[in-house]
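First the structure, in the form of structure tokens, and then the observations on it.
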Amino acid sequence: MPSTTKAELEREFYNRVPNARKISPVYRAFFNMMYEAHLLAKQGKKLLNIYSSQDFSGNREEVYREKFFSECEYEAIDFWKDHFIYGDKQTEEPHTLPFMDNSLDLIVTTKVIMEHISEPQKVISEMFRVLKPGGHAFIAAPLVRRQHQKPHDYFRYTEFALEYLFKKAGFAEINMTPSNGSMVTLATYVYFFQRSHIPQRLQFIFDWIHYFIIEPVAFFLDRYDNGYGRDLTLYFLVKARKG
């Protein structure tokens, strides 16, 4: 079977991931991270996808499984309330991955879980444990997000906190990329404000304004926001390698 091209993966990603827009720097950053993981996920490699079924974006896990990582040996595990759920069984010990030491080549998170982990150092150390030497972890962690999945929402992460946690776990190479600049973050919170304060009967008007005016302007300005504005990103995308 021939490898899926980048253009084909991009088409699947934007068609099937809810709310993904090609003009969005956030989703572009997510796609680029997962495409980099795709390039490593060849035949003979074993990949673990950690996701959260409580996240609204259900199709995201499916498109990665069916398209991005179809060539490798693929495993998926759900996460909820500090436990991993593998198959139909919940792990007995919280924050513990049910895999042998040095048994995986890649770990990815297709949905954001880091803010919902009450013991992030333990989970990152578990990722290190189960990865083979030279294995990679591709992780998304929020810096600026509203509270959600209450009360299981615990942390937000600076790039320095992430570097500290991954280095403490033993990772040798850690690279971080902000998903967007400050204008996109501001546009996101304009949407949250609208949803909280505008009467429901008027929501469709403001949804139209947000989708066709506010977001495109913010996405356009983002390309010029390469300085301090990136310190107010929504997410940091982490690529870490086990030495």
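Results, tabulated for the structure shown:
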quantity: Gain on full stretching of the segment that runs from residue 83 to residue 158 - 0.36 nm per residue minus C-alpha separation; calculated: 24.6 nm
quantity: Angle between the chain longest axis and helix 120-130 axis [Cα atoms, degrees, rounded to 10]; calculated: 40 degrees
quantity: q = 0.18, 0.20 Å⁻¹: log10 I(q)/I(0) that the Debye formula gives for segment 97-243, counting C-alpha atoms only; calculated: -1.04, -1.17
quantity: Over segment 40-127: Kirkwood hydrodynamic radius from C-alpha pairwise inverse distances, Å; calculated: 13.4 Å
quantity: Listed residues 124, 19, 39: farthest to the positive end of the dipole of the chain (Cβ charges); calculated: 19
quantity: Neighbourhood charge, 12 Å Cβ-Cβ cut-off, centred on residue 156 and excluding it, Lys, Arg +1 and Asp, Glu -1; calculated: -1
quantity: By average C-beta atoms within 10 angstrom, highest first, the peptides 88-101, 71-84, 124-137; calculated: 124-137, 71-84, 88-101
quantity: Total charge dipole magnitude, the chain, about the Cα centre, Cβ charges on Lys, Arg, Asp, Glu only, Debye to nearest 20; calculated: 400 debye
quantity: Amide H partners (placed H, <5 Å) of residue 143, local residues excluded; calculated: 157, 235, 236
quantity: Whole-Å distance, taken between Cα centres, linking segment 183-234 and segment 7-66; calculated: 23 Å
quantity: Entries of 89/242; 22/150; 42/111; 6/67; 45/239 with Cα pairs more than 19 Å apart; calculated: 89/242; 22/150; 42/111
quantity: Between helix 25-40 and the chain: long-axis angle, C-alpha atoms, 0 to 90°, nearest 10; calculated: 20 degrees
quantity: From phi via Karplus (6.51, -1.76, 1.60), per-residue ³J(HN,Hα) for segment 179-186 in Hz, x at Gly/Pro; calculated: 7, 5, x, 5, 5, 5, 4, 4
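We did not get these values from a lab; they are worked out from the coordinates using the rules stated. Being a predicted model, the structure only gives us computed values, none of them experimental. With ideal geometry, Cβ positions are generated from the backbone for all residues, glycine too; neighbour counts draw on all protein chains shown.
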